[in-house]
Each structure stands twice: as structure tokens, then as C-alpha cells.
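What follows is a short report on a single structure.
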Amino acid sequence: MSAQETKPVAQPEPVKELPKFEKSIADKIEKKFGSKAKIEFVKENRIRIKVSKEDILDVAKFLRDEMHYDHAESVTGVDYPDEKEIEVVYHLGSYTDAELAKQVLTLATRAPREDNPNPGSDNTKLPSLRDIFYSVEFHERECFEMLGVYFDGHPDNRRLLLPEDWADLPPMRKDFKLKGR
């Protein structure tokens, strides 16, 4: 680069304004729970909240009773073997509040991950949200068998898709290997 040429000056990124409706929901959650509920993102029709397993029942009840999220649309999990944790993610919605019809609120929490899982007898446990959102009944059972997360308080922690005598790692864990491959 010659002395006459100058490097272009980087322009600061414009600050994106958060969607007002979603921000108002996030603000109410933050006001109620403070640092117990970490708002991870706010986007149009989407909010993601991360809470500890000790606080998930209180946050879930608040979301149902005060914020009018009345059902879980889905429940899934993510295996983080390097962090020795499994995250369970609830996608909440509302049938009864027209303002929330397009909203999906993601509520996430993590459980310790055991290298040699023994569901129900190890530390990979979370409180069940089944008594708060009835619609999680089968979803939590699927997370139980596919990731090895036992849900305390769930009325039916048994296999849904795999044989009852399944003795291998849960198949959605990243260290699961198909036999013979």
C-alpha cells in the first residue's frame, strides 16, 4: 500500500432495534427472575431463555400463568459431551392468546451428562414440566430414551421407541456408534 493510499475506515454496525412486542415479553421475564432467566436472544416471533434446572419449574409456571404460553409445541435435546452437559429445549406457544399465536418461546435448561448413562440412577436428571404443560408427556419420554435424561416427577419414564431392554448408549448422544460401522 502506498503512502497516498489509505485503508478504508470500518463503519460501526448499526444498532438493530429489537422487536417491541417480543422485547416487552423478555423484559417482563427479566423483571420477574433477574439473572435466574438469561435472555439469549429476542427476534421477531422468537425469544430464547436459558435457566438452571433448579429454576425451570418456577419460570415455566410463570410463562403459563402470567405470560399465557399454554402448551409445549416440541421438546428436544442437544448433547454437549465436551461440556459434560445435555441441554433440553422446550418450544412453547399459545393457543388461547391471539397476540402470542405466532410466537415461539424457547425455554432451555441443562443437566449433567454421564459418560456411562444409567437413566434414573445417575445425575442426568431434570424436573419434568408435565404437570405444567401436559403436552410434554411423550416429548420428555423421547428425550429420556434418546438422550438419557430422566425427568423427575414424570408419571411414565419408560421407553417410547426403543426396546425396553436397550443396553447401549442413548442414540442421540454424539458418542453413540452403530454396531458394525
Added length on full extension, which subtracts the Cα-Cα distance from 0.36 nm per residue, Lys179 to Val9: 55.6 nm
Note the angle between two axes, namely the Cα long axis of helix 137-147 and the longest principal axis of the Cα atoms of the chain, as a number of degrees from 0 to 90, rounded to the nearest 10. 90 degrees
Taking the chain as the reference, fit the longest principal axis to its C-alpha atoms, fit the long axis of helix 20-33 to the helix C-alpha atoms, and give the angle between the two in degrees, 0 to 90, nearest 10. 60 degrees
Of the listed values (1) -0.21, -0.26, -0.33, -1.18; (2) -0.24, -0.30, -0.38, -1.28; (3) -0.33, -0.40, -0.47, -1.14, grab the one calculated as log10 I(q)/I(0) by the Debye sum over Cα atoms at q = 0.08, 0.09, 0.10, 0.18 Å⁻¹ from the structure here. (3)
For region 41-49, Karplus-derived ³J(HN,Hα) couplings (6.51, -1.76, 1.60; θ = phi - 60°; whole Hz; x for glycine and proline) come out as 7, 10, 9, 4, 6, 9, 9, 10, 10
Yeah, region 36-112 with a ≥ b ≥ c from its alpha-carbon gyration tensor (a/c under 1.5 is rounded, else prolate when a/b outruns b/c, oblate otherwise) is prolate
Ordering His91, His154 by how much accessible area each has at a 1.4 Å probe, largest first, what is the list? His91, His154
Using alpha-carbon coordinates, inclination of helix 56-65 to the longest axis of the chain, degrees: 70 degrees
What residue among Ser94, Ser121, Ser74 shows peak mean-square fluctuation when the chain is described by a Gaussian network model with Cα springs under 10 Å? Ser121
Of all DSSP beta bridges located in the chain, what percent are antiparallel, nearest 5? 75 percent
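The values are calculated or read from the model by the stated rules, or taken from the named source; none is laboratory data. It should be emphasised that the depicted structure is a prediction, and the values quoted were computed from it without experimental measurement. These area figures cover heavy atoms from the full protein model, side chains too; ligands, DNA and RNA do not enter into them. Shrake-Rupley method; radii C 1.70, N 1.55, O 1.52, S 1.80 Å.
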